[in-house]
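Let me begin by presenting the structure, written as structure tokens, before commenting on it.
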Amino acid sequence: MATINLDDQTYLIGNIFCVARNYVAHAKEMGSRILAEPVVFLKPTSAVLQEGQVIHLPSWSNDVHHEAELVVLVGAGGKNIQVADALQHVAGYALGLDLTARDVQAEAKKAGMPWTLAKGFDGAAVLSRFVSAAAVPQPEAISFDFYIDDERRQHAETRDMAFDVATLIAWISTRFTLHPGDLIYTGTPEGVGPIRAGERLRLVLGDLIDSRFDVV
């Protein structure tokens with residue numbers, strides 16, 4: 001099982017909650033809209049790919065897309081967490097890629113089937129290194145970037161989230177019990193698109209995170 005080492009603690013990665021359609025512009029580019037409540041799906045722990053590992057594209061998809069996201073590491077679990085207390089449950093933050101086999105997802109949507117294969121394949125939950133929550137005291141007011149071969153493809157301002165980090169933690173905890181080591185992928189901004197073998201991907205959060213991944 002994958003683990004995360006942060007601030008002299010080791011977390012065993014548990015549930016991986018992913019938020020769909022959390023930026024208005026991304027919802028529009030996908031032909032969708034923001035709903036009154038968050039839309040959440042899960043990835044298996046076998047999907048985790050951490051900094052230093054190579055991204056292997058699945059042979060059964062011809063259209064794997066990047067979706068750059070802020071990722072939350074839960075440090076203190078709980079149920080029915082209040083929004084005002086939610087950030088106290090965060091151990092750290094990373095940047096991640098919710099890799100999506102878009103062609104497979106489109107077929108699943110057309111057939112009214114789940115997205116699990118399109119979203120949960122090995123390596124589909126890419127993670128940069130984590131930084132302590134203390135280094136990101138206002139997660140609702142930061143920005144991050146995603147590059148392919150040094151060309152910026154996505155830029156996010158977290159103030160543009162429909163549901164901020166605290167709201168997501170509180171809402172998820174009313175439906176699922178959160179545990180230390182759980183991850184929350186908080187949604188992607190506009191600009192999603194394909195990745196190809198031979199490319200180098202880069203995730204940047206100010207001077208805190210600068211992670212690179214090779215695609216093969």
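Of everything in segment 121-179, what is basic (K, R), part of a strand (DSSP E or B) and surrounded by 17 or more Cβ atoms within 10 Å (Cβ to Cβ)? Give them in sequence order. Spell out how you get there, then give the answer.
Just the residues of segment 121-179 that are basic (K, R), to begin with: 129, 152-153, 159, 175.
Right, trim to part of a strand (DSSP E or B) and you get 152-153.
Passing the criteria: only R153.
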Worksheet item: Before we move on, is N5 more than 20 Å from A133 (Cβ to Cβ), at pLDDT 95 or above, over 14 Å from the mean Cα position of the chain (by Cα) and surrounded by fewer than 14 Cβ atoms within 10 Å (Cβ to Cβ)?
Response: no
Worksheet item: If only one of V74, V39 is β-branched (V, I, T) and at pLDDT below 95, which one is it?
Response: V39
Fill in: Considering residues of segment 41-56 that are under 22 Å from S173 (Cα atoms) and not hydrophobic (A, V, I, L, M, F, W, C) only, the residue nearest to the chain's Cα centre (by Cα)
K43
Worksheet item: From the residues in segment 109-120 that are part of a loop (DSSP other than H, G, I, E, B) and among the hydrophobic types (A, V, I, L, M, F, W, C), which one is surrounded by the most Cβ atoms within 10 Å (Cβ to Cβ)?
Response: W115
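Residues V136, V126: which one is over 18 Å from V40 (Cα atoms) and either modelled with pLDDT of 95 or more or of a type in the set (S, T, N, Q) (or both)?
Working: V126 fails: over 18 Å from V40 (Cα atoms).
Exactly one residue qualifies, and that residue is V136.
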Discussion item. Looking at S173, S128 in this structure, which one is closer than 25 Å to S61 by Cβ and polar (S, T, N, Q)?
Written reply: S128
Response to the item:
With criteria (1) hydroxyl-bearing (S, T, Y); (2) surrounded by fewer than 18 Cβ atoms within 10 Å (Cβ to Cβ); (3) not in a loop (DSSP other than H, G, I, E, B), Y93 comes up short on (2)
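For every residue, the table says whether it meets (1) touching a Leu at 6+ places or on another chain (Cβ under 9 Å); (2) in contact (Cβ under 8 Å) with a residue 24 or more places away in the chain; (3) at negative phi; (4) not hydroxyl-bearing (S, T, Y).
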site	(1), (2), (3), (4)
F130	yes, yes, yes, yes
A135	yes, yes, yes, yes
A156	yes, yes, yes, yes
R159	no, no, yes, yes
A166	yes, yes, yes, yes
R175	no, yes, yes, yes
Worksheet item: What residue, among those in segment 58-74 that are surrounded by fewer than 20 Cβ atoms within 10 Å (Cβ to Cβ) and either of a type in the set (G, A, S) or under 18 Å from the mean Cα position of the chain (by Cα) (or both), is farthest from A170 (Cα to Cα)?
Response: S59
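The values are calculated or read from the model by the stated rules, or taken from the named source; none is laboratory data. Keep in mind that what you see is a predicted model, and the values were worked out from it rather than measured. Every residue, glycine among them, receives a Cβ derived from its backbone with ideal geometry; neighbour counts consider all protein chains shown.
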